[in-house]
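Since the structure comes first, as structure tokens, the remarks are kept for the end.
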Amino acid sequence: MKKTLENVLANRLITTVFQPVIHIETGRIIGYEALSRGPEGPLQEPLVLFSLATEFGYAMKLEQLCLASAMENSISMPTNLRLFINLSPFAVENGILDVFDHELTELTVIEITEAGVINDYSKVKKVIDFYRRRGIKIAVDDVGNGYDRLRSIAELEPDWIKIDRGLIQGCYENKGRRRVLKHLVALAAELKAKVVAEGIEKVDELNIAGVIGIHYAQGFYLGKPQSKPWENLMCAGDNSHLSPYLVSKCF
């Protein structure tokens with residue numbers, strides 16, 4: 001597996017796909033999250049790919065390759081849309097953004113993922129505050145999946161909070177999850193942060209997210225990850241099957 005991984009890195013065998021982030025109330029696409037995939041085979045799944053890279057000491061090299069691919073493949077994306085990019089705390093702490101500094105814009109959202117614990121919050125905050133002063137936004141990903149995510153919100157005070165699929169799934173029939181979601185929405189309001197419900201797979205999940213006050217959503221129900229989907233999606237057409245909140249996906 002190590003040799004297979006080294007071949008992926010040496011030959012840049014990474015594919016970037018993009019999943020839309022939708023404004024629930026209007027149904028408009030406001031941006032895309034860049035997601036990395038390995039070549040067909042055992043390393044295609046990102047969890048396996050990144051886990052092996054960490055195990056063999058190639059985590060930083062893999063993240064650089066994925067970020068480079070995301071930037072390169074997003075060049076044709078409409079200039080009024082946000083680009084959400086995923087970075088581990090380790091990569092942020094170790095200067096990965098310095099390499100891509102000139103490619104970051106005010107429409108870039110840097111998502112701090114759950115891949116690894118933040119060892120030095122002051123160092124990470126110093127880095128992200130530097131980019132924040134340039135208008136670049138910060139997101140904490142996978143909120144609701146462990147204590148560290150809540151601490152990341154407290155320490156980093158992100159501009160965007162992305163709620164983990166684990167809290168969204170079945171929320172329409174689970175009072176406990178809805179209660180937690182309401183508290184997260186209230187917390188986001190205090191921070192003046194925007195909230196994204198991740199992993200929306202059913203219309204009921206989307207409807208409850210809108211009722212609770214979540215601003216944005218993404219998931220297979222709204223759009224599967226694709227290669228440059230904006231090239232074939234100047235207008236998504238009839239959205240009547242989605243939700244009363246989604247009246248148009250045109251941008």
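The values are calculated or read from the model by the stated rules, or taken from the named source; none is laboratory data. These numbers come from a predicted model, not from an experiment. Glycine gets a Cβ as well: all are built from the backbone with ideal geometry, and neighbour counts include every protein chain shown. Side chains included, ligands, DNA and RNA excluded: accessible areas come from the protein's heavy atoms. Shrake-Rupley method; radii C 1.70, N 1.55, O 1.52, S 1.80 Å.
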From K224, K123, K162, grab the single residue that is open to solvent by 20 Å² or more (accessible area, probe 1.4 Å) and within 20 Å of the chain's Cα centre (by Cα). K224
Residues to consider are L65, L81; find the one that is of a type outside the set (G, A, S) and within 22 Å of E6 (Cβ to Cβ). L65
Residue hits (the range 167-207; small (G, A, S) and either part of a loop (DSSP other than H, G, I, E, B) or within 25 Å of K224 (Cα to Cα) (or both)) are G170, A193, A197, G199
Checking the structure you have, find out if any residue of the range 30-47 is open to solvent by less than 20 Å² (accessible area, probe 1.4 Å), farther than 27 Å from G199 by Cβ and either of a type outside the set (A, V, I, L, M) or assigned to a helix (DSSP H, G or I) (or both). no
Of the residues in the range 80-108, those that are open to solvent by 40 Å² or more (accessible area, probe 1.4 Å) and aromatic (F, W, Y) number 1
Would you tally the residues in the range 97-124 being within 28 Å of A217 (Cβ to Cβ) and part of a helix (DSSP H, G or I)? 3
Say we look at the range 13-29 and pick out the residues that are part of a loop (DSSP other than H, G, I, E, B) and among the aliphatic types (A, V, I, L, M); which of these is farthest from K162 (Cα to Cα)? L13
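Suppose the filter is surrounded by fewer than 17 Cβ atoms within 10 Å (Cβ to Cβ) and in contact with a Ser or Thr (Cβ under 9 Å, 6 or more places away or on another chain); does Y131 pass it?
Working: surrounded by fewer than 17 Cβ atoms within 10 Å (Cβ to Cβ): no; in contact with a Ser or Thr (Cβ under 9 Å, 6 or more places away or on another chain): yes.
In short, no.
Of the residues F84, F50, F90, which single one is outside any helix (DSSP H, G or I), of a type outside the set (D, E, K, R) and within 18 Å of the chain's Cα centre (by Cα)?
Sole residue among the options that is outside any helix (DSSP H, G or I), of a type outside the set (D, E, K, R) and within 18 Å of the chain's Cα centre (by Cα): F84.
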Restricting to the range 102-128, give me the number of residues that are out of contact with any helix residue (DSSP H, G or I) (no Cβ under 9 Å at 6 or more places or on another chain) and without any contact (Cβ under 8 Å) to a residue 24 or more places away in the chain. 2
If we keep only residues of the range 93-117 that are under 26 Å from E55 (Cβ atoms) and of a type in the set (A, V, I, L, M), then the residue farthest from the chain's Cα centre (by Cα) is V99
Under 9 Å between Cβ atoms, at least 6 apart or on separate chains: pull out the pairs that start in the range 181-210 with a residue that is open to solvent by 10 Å² or more (accessible area, probe 1.4 Å) and end on any residue that is polar (S, T, N, Q). E198/Q218; G199/Q169; G199/Q218; E201/Q169; K202/Q169; V203/S243; N207/S243; G210/S243
M60 passes all but one of the listed conditions (1) touching a helix residue (DSSP H, G or I) at 6+ places or on another chain (Cβ under 7 Å); (2) at pLDDT 95 or above; (3) of a type outside the set (G, A, S); the exception is number (2)
